[in-house]
Structures are given as structure tokens and as C-alpha cells.
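See below for the structure under consideration.
The values are calculated or read from the model by the stated rules, or taken from the named source; none is laboratory data. None of the values given here were measured: they were computed from a predicted structure. Positions of Cβ are backbone-derived with ideal geometry, glycine not excepted, and every protein chain shown enters the neighbour counts.
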Amino acid sequence: MARIDAFFKLMSEQKASDLHLSTNNPPMLRINGDLVRVDYPTLRGDDLKAMVYEIAPEVKTKVFEETGDVDFGYEIPGLARYRANFYNQKYGIGAVFRLIPSKVMTCDELGLPPVLKRFPLLKKGLVLVTGPTGSGKSTTLAAMIDYANLMRQDHIITVEDPIEFVHKSQQCLVNHREVGVHTRSFAAALRGALREDPDIILVGEMRDLETIELALTAAATGHLVFGTLHTSSAAKTIDRVIDVFPTNQQNQIRTTLAESLKGVVAQNLFRRIDRPGRVAALEILVVDTAIGNLIREGKTHQIPGMIQVGKKKGNLPLDDAIMEHLRAARVSPEESYDKCTDKKKFRPFLQKPPDDFED
């Protein structure tokens with residue numbers, strides 16, 4: 001057993017989402033969104049480096065030595081998987097480990113809206129799950145891939161850095177590829193995927209122009225592509241995809257995106273006040289002909305209004321999702337106000353409304 005495994009067992013006992021190890025600091029756990037110090041001596045540089053190198057693949061330690069940071073996956077059988085990141089900082093090495101549960105939670109177990117079961121059954125197109133780091137994007141994506149795995153008889157390829165949730169082939173054949181281990185880059189894996197007879201492709205992160213362009217190509221040529229972006233709303237997600245491209249290509253990309261994009265799920269996590277844990281609030285955009293026309297014409301500023309009037313189609317405004325949690329006393333008025341779009345709607349719930357509010 002690796003020495004660091006004791007910290008992972010402590011994570012499990014404390015129901016922590018992340019473990020932080022940093023030179024000249026004691027270990028810290030993130031529990032329900034807050035960092036909590038562990039009762040353990042301050043970590044020294046050489047000792048910490050030896051501890052994390054014990055579990056890192058040799059190829060990854062080489063990358064770390066060359067670049068100063070690296071990502072990889074680590075698994076303790078019977079306990080959990082972890083997404084690891086090593087990085088150099090002023091005082092020495094640092095490391096962060098994100099817990100990835102070994103069991104994939106279903107859409108029903110997560111309480112996700114029923115429309116999210118429609119996306120995995122699409123024959124082709126692009127579905128984007130967005131939100132800030134640590135907002136639960138990977139968990140939501142895993143639930144949708146799990147649903148496809150149960151309901152379809154197809155080939156699913158996932159491309160991640162590193163591999164997070166591991167899906168066992170059920171009705172589908174599932175193949176996992178890790179950037180830096182099984183393929184050189186997201187773009188290289190996507191180019192290869194088009195020759196590997198996939199029906200569904202999961203792109204762990206659409207982080208550059210080439211990857212986004214290849215994902216759009218795959219979606220436009222008869223594949224169902226799931227991807228993630230670090231954007232906070234459906235409209236901003238569409239703008240982000242378009243803005244990645246040079247100005248002279250953007251009209252063409254608007255047309256391609258209008259035809260290929262099938263849905264956007266933008267989510268954020270809230271601290272629960274009814275019990276320990278966190279809960280997600282989702283904004284959902286189901287792209288139909290009208291939304292496609294807005295994308296094509298560069299009128300993405302009108303999309304929030306279309307989400308509001310298109311609830312019967314499965315659209316869900318973020319503020320409606322937050323309000324449902326607030327009325328059910330699952331989240332606090334203060335956090336709801338902080339993360340909502342329409343401040344005026346949530347102001348009456350505050351005991352001490354801020355003075356800088358403008359009607």
C-alpha cells in the first residue's frame with residue numbers, strides 16, 4: 001500500500017471531494033466546499049515529492065520534471081479513483097487529488113431533469129456540459145453516458161485527461177482513452193476516432209481551436225459528441241465556441257454550430273443547508289429550429305428569453321432551478337442571490353439586502 005493511500009481513506013471517511021498536499025503546509029481536505037486542515041505535521045518538500053512519486057506512472061513523472069505540472073489518474077481498487085495534478089510552486093511541490101466515485105450515479109439518482117435522458121439517445125449532434133471547475137460537469141456527463149450505455153447498442157469512445165469515471169461495457173462497447181498515455185492530444189484522439197467506427201464520442205475538455213473544430217466536424221458527420229467548456233451559461237457557451245475561431249471563419253462556424261448543436265447544460269453547485277453536501281442547479285438549452293436561427297444570425301443575446309418561453313420543450317432557466325432549491329429550503333438565500341441572474345427576483349428572500357442593489 002502506498003503511503004499516500006492513508007489520506008485517501010481519510011477523504012472517504014470525511015466525505016471530502018479533494019485532497020491538497022503542499023510543501024510547508026499540513027494536508028488539507030475540501031469538505032462541502034470548504035478547505036479543512038488535517039491534524040498532521042507540515043509536509044516537507046523531499047518527503048512530499050517521494051510520497052506522490054510513489055503512485056505516479058514513470059511517463060508522468062518525466063512530464064512533470066520537464067514541464068512543472070502534470071495530470072493523471074490513480075485508483076485504489078474497492079475505494080475510488082482520483083484525478084491527480086502535480087505542480088511546482090515557490091516553496092516546492094504541490095498536489096491536488098479530486099475524488100471520482102467508483103460508482104457512476106444515474107440521472108435518477110442525481111435528480112437530473114428528464115430532458116437529460118433525451119440527449120444520450122440522439123443519433124448525431126453536439127451536446128455541451130459547462131460550468132466552473134468543480135461544478136459537477138463530469139458527474140452529469142457520466143450519468144448521460146451511463147444512460148446511453150444501458151439503452152443503446154453502439155460504440156462509445158471517451159477521450160479524457162485523465163480518465164475519470166470508468167464505464168463497463170453493457171449494451172454498448174465502451175473504450176476509454178487517456179491523453180498522454182493512449183493518445184498524444186485531444187485533437188489526435190478525435191482524428192483517430194473518426195476511423196474507429198464510434199457512435200458516441202466524449203471529449204473531456206474542448207480546450208483549443210483544433211479540438212473544437214474536430215468535435216464540430218464529428219458532430220456534423222453523423223456522430224453524437226459530448227464535450228465540456230468552462231462557461232457559465234448557454235448563451236456564453238455558444239459565444240465561446242464561435243469566438244475561438246478567427247473572425248473570417250465565424251460566419252461559417254455559426255452555420256455549422258446552428259446545425260450541429262443539440263443541447264447545452266450549464267450548471268453550478270450550491271452548498272446544501274438542509275443536510276451535508278451540495279446540490280446542482282442547471283440551466284438547460286434544447287436547440288430547436290428557432291434557437292438554431294438565432295445562432296446562425298449571431299443573436300445569442302436573445303437565447304435567455306427563448307429558454308424562458310420554451311420550458312415545454314425541456315428548456316430550464318438557471319433562476320428557475322435555483323428558485324426550486326431555495327423554496328425547498330435546500331440552499332441559502334445568500335448563495336442563491338449571489339449566483340442567480342435576476343437579482344430582483346431573489347432580493348426579497350434576503351434578510352439584509354445589499355445597499356448597492358439597483359432596481
| query | Restricting attention to region 38-80, and to residues there that are outside any loop (DSSP other than H, G, I, E, B) and basic (K, R), which single residue is nearest to F7 (Cα to Cα)? | reply | K49
| field | Answer from D46, D69 - the residue that is among the charged types (D, E, K, R), over 28 Å from V159 (Cβ atoms) and without any contact (Cβ under 8 Å) to a residue 40 or more places away in the chain | value | D46
| Just a yes or no: is a residue in region 51-72 more than 26 Å from G180 (Cβ to Cβ) and not assigned by TED's automatic domain parsing to the domain that holds A148? | no
| note | Residues of region 320-343 being touching a Phe, Trp or Tyr at 6+ places or on another chain (Cβ under 8 Å) and among the charged types (D, E, K, R), in sequence order, are R330, E335, K339, K343
| query | Considering region 111-168 alone, what residues qualify as being within 22 Å of A281 (Cβ to Cβ) and of a type in the set (V, I, T)? | reply | V115, V127, V129, T130, T133, T139, T140, I145
| remark: Scanning region 211-227 for residues that are crowded, with 16+ Cβ neighbours inside 10 Å and either over 18 Å from the mean Cα position of the chain (by Cα) or modelled with pLDDT under 95 (or both) gives E213, L214, L216, T217, A218, A219, A220, H223
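Residues are listed down the side, and each one gets a yes or a no for (1) in contact (Cβ under 8 Å) with a residue 60 or more places away in the chain; (2) within 19 Å of T231 (Cα to Cα):
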{"position": "V264", "(1), (2)": "yes, yes"}
{"position": "N268", "(1), (2)": "yes, yes"}
{"position": "K299", "(1), (2)": "no, yes"}
{"position": "P304", "(1), (2)": "yes, yes"}
{"position": "I322", "(1), (2)": "no, yes"}
{"position": "P353", "(1), (2)": "no, no"}
| message | I'd like to check something: does region 2-10 contain any residue that is in a loop (DSSP other than H, G, I, E, B), free of Cβ contacts under 8 Å to residues at least 60 places away in the same chain and not hydrophobic (A, V, I, L, M, F, W, C)? | response | yes
| remark: Picked from region 87-126 (must be of a type in the set (F, W, Y) and more than 20 Å from Y74 (Cα to Cα)), the residue modelled with the lowest pLDDT is Y91
| Which number in (1) over 30 Å from T23 (Cα atoms); (2) in contact (Cβ under 8 Å) with a residue 12 or more places away in the chain marks the one condition that S102 misses? | (1)
| request: Considering each of T158, T139 in turn, give the residue that is in a helix (DSSP H, G or I) and among the β-branched types (V, I, T). | output: T139
| Which listed residue is within 20 Å of P162 (Cα to Cα) and either among the hydrophobic types (A, V, I, L, M, F, W, C) or part of a loop (DSSP other than H, G, I, E, B) (or both), from I242, I201, I253, I238 | I201
| If you go through region 83-95 one residue at a time, do you hit one that is closer than 30 Å to R330 by Cα and not assigned by TED's automatic domain parsing to the domain that holds F226? | yes
| note | For T133, the lone unmet condition from (1) surrounded by fewer than 17 Cβ atoms within 10 Å (Cβ to Cβ); (2) β-branched (V, I, T); (3) within 24 Å of P27 (Cβ to Cβ); (4) out of contact with any His (no Cβ under 7 Å at 6 or more places or on another chain) is (4)
| task | Go through the residues of region 191-198 one by one and say whether even a single one is crowded, with 17+ Cβ neighbours inside 10 Å and in a loop (DSSP other than H, G, I, E, B). | result | yes
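Every residue, every condition in (1) surrounded by 15 or more Cβ atoms within 10 Å (Cβ to Cβ); (2) under 24 Å from the mean Cα position of the chain (by Cα); (3) modelled with pLDDT under 95, yes or no:
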| position | (1), (2), (3) |
| --- | --- |
| S17 | yes, yes, yes |
| T23 | yes, no, no |
| L29 | yes, yes, no |
| V36 | no, yes, no |
| G45 | no, no, yes |
| E54 | no, no, no |
| K62 | no, no, yes |
| D71 | yes, yes, yes |
